[in-house]
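The values are calculated or read from the model by the stated rules, or taken from the named source; none is laboratory data. Treat the numbers as computed from the prediction; the structure is a model and nothing was measured. Here Cβ is always computed from backbone atoms with ideal geometry, including for glycine, and neighbour counts include all displayed protein chains.
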Amino acid sequence: MAKIRNKDQYEWVVSRVEALLPSVDEDAPENDPSRIELELLSELASEYSEENYSLGEPSLKDVLRLKMYESGLTQRSLAELIGVSPSRLSDYMSGKCEPTLKIAREICRKLDIDASIVLGV
């Protein structure tokens, strides 16, 4: 299958996908030329985007900061919530140390953060 080689091709494919979207709906037959073109171009754009614009996995530090912002928590109140001292939380957020399994469970449970992020896997 073809592959997008550069940003200009990617931008053309994205504009073509946007042009096709209004003309194709869920009820379009499998053999509809516009639907086929839309599916193929969408896949190409997705592959290029993943290879060239991927953000990667979030770090524990980034997710903790986001949760603090979303919940209106200070570092001190977050530390209390997960049962550690503010200095220990600071160590987690700076990368100086990683949470114990017990604290990792608390972070996952109380902040609804995926375990793979908390455990760094």
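A compact table of results
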quantity: Test: residue in the stretch 4-16 that is among the acidic types (Asp, Glu), free of Cβ contacts under 8 Å to residues at least 24 places away in the same chain and under 17 Å from Glu51 (Cβ atoms); calculated: yes
quantity: Single residue of Tyr53, Tyr48, Tyr69 found to be hydroxyl-bearing (Ser, Thr, Tyr), surrounded by 10 or more Cβ atoms within 10 Å (Cβ to Cβ) and under 26 Å from the mean Cα position of the chain (by Cα); calculated: Tyr48
quantity: Residue tally, condition touching a residue at least 24 places away in the same chain (Cβ under 8 Å) and aliphatic (A, V, I, L, M), over the stretch 101-121; calculated: 5
quantity: Matching residues, the stretch 98-121, being in a loop (DSSP other than H, G, I, E, B) and more than 21 Å from Glu70 (Cβ to Cβ); calculated: Glu98, Thr100, Leu119, Gly120, Val121
quantity: Scope the stretch 55-100; condition hydrophobic (A, V, I, L, M, F, W, C), touching a Lys or Arg at 6+ places or on another chain (Cβ under 9 Å) and in contact (Cβ under 8 Å) with a residue 12 or more places away in the chain; matching residues; calculated: Leu78, Leu81, Ile82, Leu89, Met93
quantity: Hits in the stretch 41-58 - residues which are small (Gly, Ala, Ser) and at pLDDT 85 or above; calculated: Ser42, Ala45, Ser46, Ser49
quantity: Test for Lys61: is it under 24 Å from the mean Cα position of the chain (by Cα) and of a type in the set (Lys, Arg); calculated: yes
quantity: Residue among Arg105, Arg88, Arg76 that alone is in contact with a helix residue (DSSP H, G or I) (Cβ under 8 Å, 6 or more places away or on another chain) and surrounded by 13 or more Cβ atoms within 10 Å (Cβ to Cβ); calculated: Arg88
